[in-house]
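Written below as structure tokens is the structure these notes are about.
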Amino acid sequence: QVQLVESGGGLVQSGGSRRLSCVVSGFTLSLYVMSWYRQSPGKERELVARITSAGGSTNYADSVQGRFTISRDNAKNTVYLEMNDLKPEDTAVYYCNAQYSPFAMNYWGKGTLVTVSS
């Protein structure tokens, strides 16, 4: 069974750092483009960061550019999101996403809540 399990969320002070992890199982991670999305109450879910299957290319939302870093370790079946200089507006539920377009595969984790205090 395909599973994506996020961890690392919690309460962090403004200006602090946090690393999220997404451990996957049930599919070949190296074939998938991996992304982190987030959603705050009353807002649409937005793409935060994306990394290609080989890890050679990344993409970030303007709001997190220079502060967040996405990475992957296919051997460990894990994707990471390093978050630095966190701001209250970063508060959201963060979701891990896996995509394999040739077969229209699209998997989601259940999310992990990150709360940034002022």
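The values are calculated or read from the model by the stated rules, or taken from the named source; none is laboratory data. Keep in mind that this is a model prediction, so the values were computed, not measured. A quick note on method: Cβ atoms are made from the backbone with ideal geometry, for glycine too, and the neighbour counts reach across all protein chains shown. Ligands, DNA and RNA are stripped out before the accessible areas are found, and what is left, the full protein with its side chains, is counted by its heavy atoms. Shrake-Rupley method; radii C 1.70, N 1.55, O 1.52, S 1.80 Å.
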Would you say Glu82 is in contact (Cβ under 8 Å) with a residue 24 or more places away in the chain and within 14 Å of the chain's Cα centre (by Cα)?
-> yes
Of the residues that make up segment 15-26, is at least one polar (S, T, N, Q), touching a Phe, Trp or Tyr at 6+ places or on another chain (Cβ under 7 Å) and not in a loop (DSSP other than H, G, I, E, B)?
-> yes
Please work out which residue is least open to solvent (accessible area, probe 1.4 Å), limiting yourself to segment 98-114 and to residues that are within 24 Å of Val12 (Cα to Cα) and not in a strand (DSSP E or B).
-> Gly109
Can you pull out the residues in segment 55-97 that are of a type outside the set (S, T, N, Q), open to solvent by less than 60 Å² (accessible area, probe 1.4 Å) and more than 25 Å from Gly26 (Cα to Cα)?
-> Tyr60, Ala61, Val64, Arg67, Phe68, Met83, Leu86, Pro88, Asp90, Ala92
Can you tell me which residues in segment 24-36 are within 17 Å of the chain's Cα centre (by Cα) and over 17 Å from Ala54 (Cα atoms)?
-> Ser25
